[in-house]
């Protein structure tokens, strides 16, 4: 990794490599839940996967140390399980500023299925928590989720482009009420899921209690006052 | 696969092989978000993963066809992204009947992280949607999520055993209000997340509209009247 005066900047190649691995893993996960090859082939795949794990496990950061690829000041969290380009769990949902809120599109495959052929209802909740939190962060009022609620109007089909939106309904600086929707990209103004979230910026002493032990990517002092799981957002 | 008079019964080995692959993939995902090996090693891992994907992609079911390993009559969904033993996205959360509700434990690793060292708030929502839905199903009132809400009292640390619980608050046969909690396994009676969900059994015509095109594992007629994403639950 390189460093400059403004702090740790990830090399382009480590970030690209992490994204490449996550992309490959997402494809493997989707195939793993739909494959009909014989059990022996599945066992052989598991063995190969374990060999890959062993190679990557040769050097690891502890959970208390941020990835060197992250930058909490800009909100970049490469391994976030919703928006992280380096997370195999994440679709990933790439969010951008849109109007006075944020928006993003994603296609969720069979791996994200709840009832047959529909996205798991909890997945909408997972993704919307991130969308609403990033909406708060984009408005400069980063906080942690205090309350989240969702109304489900209709099921979301797997394999079809979906659009996720968030906007600030109210904010007093420390507490923000954020609203958002999920809809088919083909019918973006007919929400199938509606969400509301209350986000609260922890007070200084809580931030210290929650994140005081976190270190940055080089193992040095952590970013207690600016902990965030928001993603750096581009413009629409 | 073998068949008997009661329908399609998955062989033990295909189910065990699917679970083995998912277990291996979960370990790889956790290592992939914490590895600090050089970018070249990460690229090599991605290439190996693509080779595994290619082998498993040799034969696949369409999204409209249930896995031959599933049995919707007993509620078994092997690839469910919360409870499925065959899902690499799932921790998996293994739920059992407990008292008049359900309970289960899981440890969520760094791959499930939102704020540094804590579980993503949306993950609690994802998991609790499943817990509440399975609680309804275990009580014989399977339904789809109509409303879900969560209050967050404190953050859930990654890497520590968590306990998830659900119980029926009210039910009129078609609509059920289910409540539940997430707590540290070490302090199970101090909820850090409280959840409430309203689950509604779709009427016959909606079931037909939602699931009429689904076929069973052998490509035959689908289980329209008994679609479920609940998991078969053992006793406590």
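The values are calculated or read from the model by the stated rules, or taken from the named source; none is laboratory data. Values in this document were obtained by computation on a predicted structure and should not be read as measured data. A quick note on method: Cβ atoms are made from the backbone with ideal geometry, for glycine too, and the neighbour counts reach across all protein chains shown.
Numbers for the structure displayed
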| quantity | calculated |
| --- | --- |
| Failed item in (1) more than 14 Å from chain B (Cβ to nearest Cβ); (2) part of a loop (DSSP other than H, G, I, E, B); (3) farther than 22 Å from residue A:113 by Cα; (4) in contact with a strand residue (DSSP E or B) (Cβ under 8 Å, 6 or more places away or on another chain), with residue A:186 passing the rest | (3) |
| Complete set of residues in segment A:127-140 that are over 7 Å from residue A:199 (Cβ atoms) and more than 10 Å from chain B (Cβ to nearest Cβ) | A:134, A:135, A:137, A:138, A:139, A:140 |
| Answer from B:60, B:50, B:73 - the residue that is more than 7 Å from every other protein chain (Cβ to nearest Cβ) and touching a helix residue (DSSP H, G or I) at 6+ places or on another chain (Cβ under 8 Å) | B:73 |
| Wholly within segment B:1-106, strands (runs of 3 or more DSSP E) carrying at least 1 residues that are farther than 26 Å from residue A:91 by Cβ and modelled with pLDDT of 95 or more | B:94-98 |
| Filter pass, residue B:167 being more than 10 Å from every other protein chain (Cβ to nearest Cβ), within 18 Å of the chain's Cα centre (by Cα) and farther than 23 Å from residue A:129 by Cβ | yes |
| Set A:94, A:42: member being crowded, with 20+ Cβ neighbours inside 10 Å and either within 21 Å of the chain's Cα centre (by Cα) or at the interface with chain B (Cβ under 8 Å from one of its Cβ atoms) (or both) | A:42 |
| Complete set of residues in segment A:81-91 that are surrounded by 24 or more Cβ atoms within 10 Å (Cβ to Cβ) and in contact with a strand residue (DSSP E or B) (Cβ under 8 Å, 6 or more places away or on another chain) | A:81, A:83 |
| Qualifying residue in segment A:191-208 (condition: part of a helix (DSSP H, G or I) and at the interface with another protein chain (Cβ under 9 Å from one of its Cβ atoms)) | no |
| Unmet criterion (only one of (1) farther than 26 Å from residue B:81 by Cβ; (2) touching a strand residue (DSSP E or B) at 6+ places or on another chain (Cβ under 7 Å); (3) part of a helix (DSSP H, G or I)) for residue A:125 | (1) |
| Test result for residue B:75, more than 17 Å from the chain's Cα centre (by Cα) and surrounded by fewer than 23 Cβ atoms within 10 Å (Cβ to Cβ) | no |
| Segment A:9-39, residues that are facing another protein chain (nearest Cβ under 7 Å), under 26 Å from residue B:217 (Cα atoms), without any contact (Cβ under 8 Å) to a residue 24 or more places away in the chain and surrounded by fewer than 22 Cβ atoms within 10 Å (Cβ to Cβ) | A:27, A:36, A:37, A:39 |
